[in-house]
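S.K.: Quick one: the structure is below, and I'll ask about it shortly.
The values are calculated or read from the model by the stated rules, or taken from the named source; none is laboratory data. Everything quoted here is computed from the prediction, not taken from an experiment. Note that each Cβ is placed from the backbone with ideal geometry, even for glycine, and that neighbours are counted across all protein chains shown. Each accessible area value is taken on the protein alone, full model and side chains, heavy atoms only, with ligands, DNA and RNA left out. Shrake-Rupley method; radii C 1.70, N 1.55, O 1.52, S 1.80 Å.
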Amino acid sequence: MNLQENIQRIKEVMGLLTEEEKSYENKPIVFIGTAGAGKSTTAKKVAESLGIEYIDVDERQGSEEYENLCKDEPGVEVNITRTPDGRNWGNSNDAYKICVISKLLEKYGDSKVVLDIGAGTAEGHDLLTNLPNLFVLGVPTNPDDDKPYVDFLKQSRIDRAIEMGNKDLEKNEREMDTSHIQQSISNIRDYYRGKQFIAVLNDEGKRKTTEELVDEIIFKLT
């Protein structure tokens, strides 16, 4: 790299690019991933570094706004109870989740925003695969590499339950077999084959820091 290229790289990493210098397309930056991969933490940091809006799709699915937008659409079933502590309870079918993603893409499809889709990928993946800035976290491209990821994701979920102070969740995560994690990895790999997979483990099998993941993603974007 010459001096100007090095300066540009440093600006990218530090999030100091002007809007003109942010050469990635005016499309959402979409994050897909397995639960426990650090996807939401990374997505929020990318949004912060680039100075753009972060949108939690799971949160929008639980909002009155999107319930009202989608509840009368064909095939949609949604029943959400909202409690004073801000939590949402209830059941929504896949048609509702697809509707919310569709409405978000109608609104933000030509905008520089971060869309944190969540761990569920069966709902609406066909709406996302043509987006240019889609990143998949927590899924190796080669099935031969699945075992360390499965072990890492299980421990990550246990650690999260401990951090939350939720003893019942911790117990469930410890006792649950890893077949559901393996299935999630396999499904995501099949749905998003050919997209940009971001390894969350380094060559030594250690977890990458959030900063390392953000640097890698911004580099790929710009």
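S.K.: From the protein chains alone at 1.4 Å, what is the descending order of accessible area for MET176, MET164, largest first?
M.R.: Ranking MET176, MET164 by accessible area, largest first, yields MET164, MET176.
S.K.: Now a separate question. Would you kindly give the portion of the calculated P(r) for the stretch 28-113 that falls above 16 Å, as a percent of all Cα pairs?
M.R.: Beyond 16 Å sits 58 percent of the P(r) for the stretch 28-113.
S.K.: Please report the relative contact order for the stretch 51-103, taking Cα pairs under 8 Å with a sequence separation of at least 6, and give it as a percent rounded to a whole number. Mind dumping the intermediate values first?
M.R.: Numbers: 51 pairs, mean separation 17.5, N = 53.
33 percent.
S.K.: Which values, in whole Å and largest first, are the semi-axes of the equivalent ellipsoid of the chain obtained as the square root of 5 times each eigenvalue of the Cα gyration tensor? Provide the component values of the computation, followed by the final result.
M.R.: Numbers: eigenvalues 164, 119, 55 Å².
Semi-axes from the Cα gyration tensor: 29, 24, 17 Å.
S.K.: Further question: Which sequence of TYR66, TYR191, TYR108 reflects their accessible areas, 1.4 Å probe, from the largest down? Show your work: numbers first, answer last.
M.R.: Numbers: TYR66 5, TYR191 70, TYR108 25 Å².
Largest accessible area first, the list is TYR191, TYR108, TYR66.
S.K.: Here's a follow-up. For the stretch 110-212, list log₁₀ I(q)/I(0) at each q in 0.10, 0.18 Å⁻¹, using the Debye formula over Cα point scatterers of equal strength and ignoring solvent, two decimals each.
M.R.: -0.33, -1.01
S.K.: Using only Cα atoms, what is the ratio of the radius of gyration of the stretch 50-178 to 2.2 N^0.38 Å?
M.R.: The reported ratio for this selection is 1.22.
S.K.: Listed highest first by mean packing, meaning other Cβ atoms within 10 Å per residue, what order do 128-137, 75-84 come in?
M.R.: Taking the mean over residues of other Cβ atoms within 10 Å, the ranking is 128-137, 75-84.
S.K.: Right, something else. With a bin width of 10 angstrom, please list the P(r) values of the stretch 93-153 as percents of all Cα-Cα pairs, from the 0 bin to the one holding the largest distance.
M.R.: 17, 45, 26, 11
S.K.: If Rh is defined by the Kirkwood formula over all Cα pairs and Rg also comes from Cα, what ratio Rg/Rh do you get for the stretch 182-222? Intermediate values should be presented prior to the final figure.
M.R.: Numbers: Rg = 12.0 Å, Rh = 11.7 Å.
Value, to two decimals: 1.03.
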